[in-house]
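The values are calculated or read from the model by the stated rules, or taken from the named source; none is laboratory data. This is a predicted model, so every value here is computed, not measured. Methodologically, a virtual Cβ is constructed for each residue, glycine included, from the backbone with ideal geometry; neighbour enumeration extends over all protein chains shown.
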Ligand code: SF4
Ligand code: SF4
């Protein structure tokens, strides 16, 4: 599989806009300048998807990247929107439309988008996995993978069943690395176990890690006064040896200039800097609402009659709380993936308090459940 020389990927899901509230009003002039600088500095990986920017991202990438540059100057990645499939015909129709949108004869990288329990069933129902496998064999897809926000167990299952997937796209950042809800480290380790390369999404957690609590900023500044907070977050993900690309949804020339300037000479974090990132995660966790440590006593030493996955739901609630963006958060999707696996929703808590009896942090778990339900459901 072709691995890009540079580890920074341009995520075309937060492009500059002419009108702030209109996702289709892409500022093409600014985008062209950003694309040119990105490629000039030796970066190649351009990531889009069928639904980004209300369905206009692929066409924008076709115009800004493909139509204006030689085919050997860039690689393009897009995704089959599993969640939007309603028939077998949708699969081939969408694939052919994507080729037209992007003005390409082949995709350098192609992913099944957001594989989880529900979307996997749709992909099976409409033969989408078999379809992309055949496209790989015919050469219309050069490298085949999938993105996943589900559990390490689900990821392991898919990679075991379908060894022809060559890479996976995972949510990885220093805050989610040891999160009980997102389990980024475990997912990464599953990918490595299967010998897969990893593409990282949400390395700055939707902008959350570009503005962490002051204590964290002071700690980072003391170590490297000239590093931005975003740089720490991107560097954490990019330092993982099996990560081939870290996606950044760059929205301005300033962001792109900063990221490409230091990433073109990227060297992995030192062990001491990596430790600082993990310490930062601990400090950030202290600012979050529920002081759950993820010890899992409540699910292992006790048994919830409603089968509520307490620590995982608390971790998702806490990180959702930190997100700067309030309109969208992948935490909700992780939550619903757990429900699809048969865990009880937070809203079904009956307040029996058997979990509270074993919680070393003395958390009033039953009092938090309605709040978790309000945000996640
Ligand atoms: S209080 Fe709620 S979450 Fe805790 S064990 Fe009882 S039903 Fe489950
Ligand atoms: S027992 Fe308390 S601290 Fe431990 S995982 Fe459960 S809620 Fe969190």
Taking the options 35, 61, name whichever one is under 23 Å from residue 136 (Cβ atoms) and part of a helix (DSSP H, G or I). 61
Among the residues that make up segment 292-310, is at least one of them more than 16 Å from ligand 2 (Cβ to nearest atom) and either surrounded by 17 or more Cβ atoms within 10 Å (Cβ to Cβ) or in contact (Cβ under 8 Å) with a residue 12 or more places away in the chain (or both)? no
Can residue 315 be described as at pLDDT 85 or above, more than 10 Å from ligand 2 (Cβ to nearest atom) and either closer than 30 Å to residue 217 by Cα or in contact with a helix residue (DSSP H, G or I) (Cβ under 6 Å, 6 or more places away or on another chain) (or both)? no
Looking at segment 320-336, is at least one residue within 16 Å of ligand 1 (Cβ to nearest atom) and modelled with pLDDT of 90 or more? yes
Given segment 219-314, what helices (runs of 4 or more DSSP H) lie entirely inside it while holding 1 or more residues that are within 16 Å of ligand 1 (Cβ to nearest atom) and at negative phi? 297-300
Identify the residue in segment 358-367 that is at pLDDT 95 or above and within 19 Å of residue 300 (Cβ to Cβ) and, among all such residues, is surrounded by the fewest Cβ atoms within 10 Å (Cβ to Cβ). 366
Within segment 191-203, is there a residue that is at pLDDT below 95, surrounded by fewer than 22 Cβ atoms within 10 Å (Cβ to Cβ) and under 22 Å from residue 316 (Cα atoms)? no
